[in-house]
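Here you go, one structure.
The values are calculated or read from the model by the stated rules, or taken from the named source; none is laboratory data. Fair warning: this is a prediction, and the values are worked out from it, not measured in the lab. Neighbour counts are summed over all protein chains in view; Cβ atoms, including those assigned to glycine, are modelled from backbone coordinates with ideal geometry. With ligands, DNA and RNA removed, areas are computed over all heavy atoms of the protein, side chains included. Shrake-Rupley method; radii C 1.70, N 1.55, O 1.52, S 1.80 Å.
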Amino acid sequence: VLTSLHLCIVIIDPVVIRPDARITDLESFREHAVLHSRCIGDEELWSVRYDSIALSKCYLSWLHGMSSRDIQARAPYLLTSGDTVYYGNVVRDGLIVGCSGVNPYWDEVISEWVHAACQGLSINHREQGGLILTHDKGFVA
């Protein structure tokens, strides 16, 4: 799957919902909506900005409520100048996870894995008496 060690994963805070007056572009989306992001690999060796691509996939999904693959394949009229042309994220149960660094279909698979892990961790935390996952504090009771 990983032919190189370049990969970025972005998880969007599920409590930041549209519309949000603080979010007007990709940078304000990064500032206010990203719950967690992690990049693997030496950024100096990247041929493209995998972090920006993963974020852009998530931003499109946040704006339109559908995966980047569905936007690319079924609703390309939603794309505007500067939007990513790549797919590879998941939108389900109020949670958006995006990945970039490998082929788009593997980006999507990795996003699914991370989504499932987030869901499982959240359910486990709730069953242990916790309440929610927050942007600034992680899990809180």
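Out of the strands (runs of 3 or more DSSP E) lying entirely within the stretch 1-107, which hold 3 or more residues that are open to solvent by 30 Å² or more (accessible area, probe 1.4 Å) and closer than 20 Å to ALA117 by Cα? First the steps, then the outcome.
On the way: elements: 7-12, 34-40, 89-92, 95-100.
Of the strands (runs of 3 or more DSSP E) lying wholly inside the stretch 1-107, those with at least 3 residues that are open to solvent by 30 Å² or more (accessible area, probe 1.4 Å) and closer than 20 Å to ALA117 by Cα span 34-40.
Looking at TYR50, TYR59, TYR86 in this structure, which one is among the hydroxyl-bearing types (Ser, Thr, Tyr), in contact (Cβ under 8 Å) with a residue 24 or more places away in the chain and in contact with a Pro (Cβ under 7 Å, 6 or more places away or on another chain)? I'd like the intermediate steps shown before the answer.
Values: TYR50 fails: in contact with a Pro (Cβ under 7 Å, 6 or more places away or on another chain); TYR59 fails: in contact with a Pro (Cβ under 7 Å, 6 or more places away or on another chain).
On inspection, the qualifying residue turns out to be TYR86.
Scan the stretch 63-72 for residues that are farther than 14 Å from SER111 by Cβ and touching a Phe, Trp or Tyr at 6+ places or on another chain (Cβ under 8 Å) and report the count.
2
Give all pairs with beta carbons closer than 7 Å in which a residue from the stretch 4-25 that is under 20 Å from VAL91 (Cβ atoms) meets a residue that is of a type in the set (Lys, Arg); count only pairs at least 6 apart in sequence or on separate chains.
ILE9/ARG38
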